[in-house]
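Some notes on the structure that comes next.
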Amino acid sequence: MNDSANKIIIITAPSGAGKSTITRFLLAKYPWLSFSISAATRQPRAGEVDGKDYHFMSVEQFQEHIRHNDFIEWEMVYEGKYYGTLRAEIERIWQMGKIPMLDIDVKGAIHVQQQFPEQSLSLFIEPPSVEELRRRLESRGTETADTLEARVNKASYEISFKNHFDRIIVNDHLETACRETEAAILAFVGNSPEKP
Ligand code: 5GP
């Protein structure tokens, strides 16, 4: 193991801030990064694959993992829907000599950061404004008036935690936000020719 071993990169943001797009860009570019596949109890969306996008499971199975202390963090991100990071998933990625990249909600991100203060880099992707976030969510067309309002309120609340993270990256221009995130990760990992 070299000194890049056992690092963790956490990307967090309110919904609609562009965190998944930035995460996908980096995963495609750097083979030494590996997406941390969370456990989740929501239904798979069209095109999502069990064991690739999420480990989809029942509430009973999820609660069994909670009882066995299998998670490094878990949250009920939406009413009745559990999401969590399995310790075994992080260890699987470390075993491959790669760095896990966690795309998780703000509370989960704070919990991981608290457990791995030296080993983790936490990045908060901030939407340019709550109004812009509302516009983006509206243009996605996936929200009803109620869920839109709930997401916008949740986003304002989550933005209030932004100073807990190592870096805040404002996503007012996607390409610039991708580049800033990339630079922060490369600085964290170090400049050895073979990463990690
Ligand atoms: P979605 O249902 O849209 O895939 O994800 C909803 C939210 O749950 C996103 O903000 C996503 O980052 C977050 N999330 C995904 N996996 C985890 C996890 O393992 N733990 C926590 N705390 N949040 C997660």
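Just so it is clear, none of the values below were taken in a lab; they were calculated from the coordinates. Small disclaimer: the values here were computed from a predicted structure and weren't measured. Note: ideal-geometry Cβ built from the backbone for every residue, glycine included; neighbour counts use all protein chains shown.
The P(r) of the chain has a tail past 20 Å containing 57 percent of all C-alpha pairs. Ellipsoid fit via the Cα gyration tensor, the range 1-59: semi-axes of 23, 16, 12 Å, each the root of five times an eigenvalue, largest first.
Maximal additional length on extending the residue 172-residue 139 stretch stands at 10.3 nm, based on 0.36 nm per residue less the C-alpha distance. For the options 99, 72, 11, a Gaussian network treatment of the chain with springs between C-alpha atoms closer than 10 Å singles out 72 as fluctuating the most.
Fewest neighbouring Cβ atoms within 10 Å first, the residues 112, 130 line up as 130, 112.
Taking the chain as a Gaussian network, where each spring joins two C-alpha atoms under 10 Å apart, which residue of 176, 85, 12 fluctuates the most? Taking springs between Cα atoms under 10 Å, the residue moving most is 176. Considering only the chain, what is the antiparallel percent among its DSSP beta bridges, to the nearest 5? The antiparallel proportion sits near 30 percent.
From helices alone, the chain scores -12500 deg cm²/dmol at 222 nm; the rule is -39500 (n - 2.57) for each run of n ≥ 4 DSSP H residues, then divide by the residue total.
A dipole drawn for the range 3-189 from +1 and -1 charges on Cβ atoms has a positive end, and of 124, 71, 23 the residue lying farthest that way is 23. Taking other Cβ atoms within 10 Å as a rough exposure proxy, 188, 165 sort from fewest to most as 188, 165. Using a cut-off of 24 Å between Cα atoms, the listed pairs 52/162; 98/154; 19/52; 52/81; 98/162 include 52/162; 98/154; 98/162 as exceeding that distance. Across the range 19-149, C-alpha contacts under 8 Å between residues 6 or more apart give a mean separation that, scaled by the residue count, equals a relative contact order of 24 percent. As an equivalent ellipsoid, the range 76-183 spans semi-axes of 26, 18, 13 angstrom, where each value is the square root of five times an eigenvalue of the C-alpha gyration tensor, largest first. With a 10 Å cut-off between alpha carbons and a GNM built on the chain, which of 89, 126, 149 moves the most? Largest GNM mean-square fluctuation: 149.
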